[in-house]
Amino acid sequence: MLDGHQTDGGAMAAIDNIRQQIRLPAGVAVWVLSAHLYALLIPFLLVLVLNQYAELVSARADYPWVFYLAIAAMTAGSAFEIAQNTFDEWYLQADDASANGTSLCDMLFFWCVVSSQALIIVACKGSWLWVSVPAGLLALLYPVFYLTGRLSVLPLSVVGLASAVVSFLSFGDPVLLLQIVMPAVTMFFFGLLLKTGNQVFHGFTTLAASSGVLILCWGIYRSHMGFADGWLVTVAAVIAAAVLLLGSRRFLASLGATPKPQ
């Protein structure tokens, strides 16, 4: 039997090992890890929304059960991203696989992302073979794009755009089109992360990249409620985001790099 000193020593060693894998100041680490926890868990909100508004979803979507496959892909993608960030010790720089580099986990993360978007297309408009089949093929072939480094952004861009459009066509609320602008918001913060080295932007990048599903949930809810102000809300949100982000960019770009704990 282990005595109390041995148990305490083992716990401290485990904590120290974990700390060594997270090369961030404590406050920044809490923020970045919380953002990734949000990314991991937010797809389950879609489960609740699908169950709550099952009648609407069944009436509007071609294959509602495929949404659950999309949720599984989103969750797996977040797990691969967390794994890769751990390999990179959570302090991201341009050459890291979590940034502009390459790795197996990074490829699997993006493969899950594009697959989840293709599955949403199938769930919403799977009967539109001229949309769902190309989307499925792009998702299936994503590793080829990634490994060759040629047009690797193409599947993500095309399938992501199509996913936003077909969800709008299925449920009818214009706020669903806000999914289209989320990659731009993601790249805004990602660019600042690489430019400044300030790891706080890692958290914002993760939040933006994973919030498309939140918009999908919001759009399904609004569709159920029958709100008539969708275009007004959508345009106002885009303008507000543009003013806030562009107006603050110079200040944000002037922030210094996060110190890396030894």
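Quick note: the coordinates plus some simple rules give every number you see, no bench work behind them. Worth saying up front: this structure is predicted, and the values here are computed from it rather than measured. Glycine gets a Cβ as well: all are built from the backbone with ideal geometry, and neighbour counts include every protein chain shown.
For the stretch 42-253, what is the relative contact order in percent, using Cα pairs closer than 8 Å and at least 6 residues apart in sequence?
Relative CO of the stretch 42-253 lands at 22 percent.
Kirkwood Rh over Cα pairs of the stretch 210-262 into Stokes-Einstein at 25 °C, 0.890 mPa s: D in µm²/s?
Working: Rh = 14.2 Å.
Value of D from the Cα-based Kirkwood radius: 173 µm²/s.
Restricting the calculation to Cα positions, tell me the Rg (one decimal) and the Dmax (whole number) of the stretch 67-192 in Å.
Answer for the stretch 67-192, Rg first and Dmax second: 14.8, 44 Å.
If one takes the longest principal axis of the Cα atoms in the chain, at what angle in degrees, from 0 to 90 and to the nearest 10, does the Cα axis of helix 66-87 lie?
The helix 66-87 is inclined about 20 degrees to the chain.
Take the Cα radius of gyration of the chain and divide it by 2.2 N^0.38 Å, with N its residue count; two decimals is plenty. Don't jump to the answer; show the numbers that get you there.
Details: Rg = 20.2 Å, N = 262, 2.2 N^0.38 = 18.3 Å.
Ratio of Rg to 2.2 N^0.38 Å for the chain: 1.11.
Tell me, rounded to the nearest percent, the portion of alpha carbon pairs in the stretch 1-139 spaced more than 21 Å apart.
Numbers: 5463 of 9591 pairs.
When all Cα pairs of the stretch 1-139 are counted, 57 percent exceed 21 Å.
Where does helix 26-41 land angle-wise versus the long Cα axis of the chain, in degrees 0 to 90, nearest 10?
The answer is roughly 30 degrees.
Rounded to two decimals, what is Rg over Rh for the stretch 18-92 when you use alpha-carbon atoms and the Kirkwood radius? Show your work: numbers first, answer last.
Values: Rg = 16.5 Å, Rh = 14.2 Å.
Computed over Cα atoms, the ratio is 1.17.
Tell me what the chain gives for mean residue ellipticity at 222 nm when only DSSP H runs of n ≥ 4 count, each as -39,500 (n - 2.57), the sum divided by the residue total, rounded to 500 deg cm²/dmol.
Details: 13 runs with 196 residues, N = 262.
That calculation yields -24500 deg cm²/dmol at 222 nm.
Taking the alpha-carbon centroid of each part, what is the distance from the stretch 215-262 to the stretch 161-198 in angstrom?
Cα centroid to Cα centroid, the span is 9 Å.
May I ask you to sort H36, H202 by Cβ crowding, counting other Cβ atoms within 10 Å and putting the fewest first? If you can, show how the numbers build up before the last one.
Numbers: H36 20, H202 26.
The order, fewest Cβ neighbours first, is H36, H202.
Can you tell me the 0 to 90 degree angle between the C-alpha axis of helix 129-140 and the longest principal axis of the chain, rounded to 10?
Result, in degrees: 10.
Work out the length of the dipole vector of the chain about its Cα centre, built from +1 on the beta-carbon of each Lys and Arg and -1 on the beta-carbon of each Asp and Glu, and round it to the nearest 20 debye. Present the calculation step by step, with values, prior to reporting the outcome.
Numbers: 10 positive and 13 negative charges, 137 e Å.
It works out to roughly 660 debye.
If you wrap a convex hull around the Cα atoms of the stretch 49-117, how much volume per residue is inside, in Å³?
Working: hull volume 6.3 nm³, N = 69.
It is 92 Å³ per residue.
In vacuum, with every alpha carbon of the stretch 107-262 counted as one equal point scatterer, what does the Debye formula give for log10 I(q)/I(0) at q = 0.12, 0.19, 0.21 Å⁻¹? Two decimals, please.
-0.61, -1.18, -1.28
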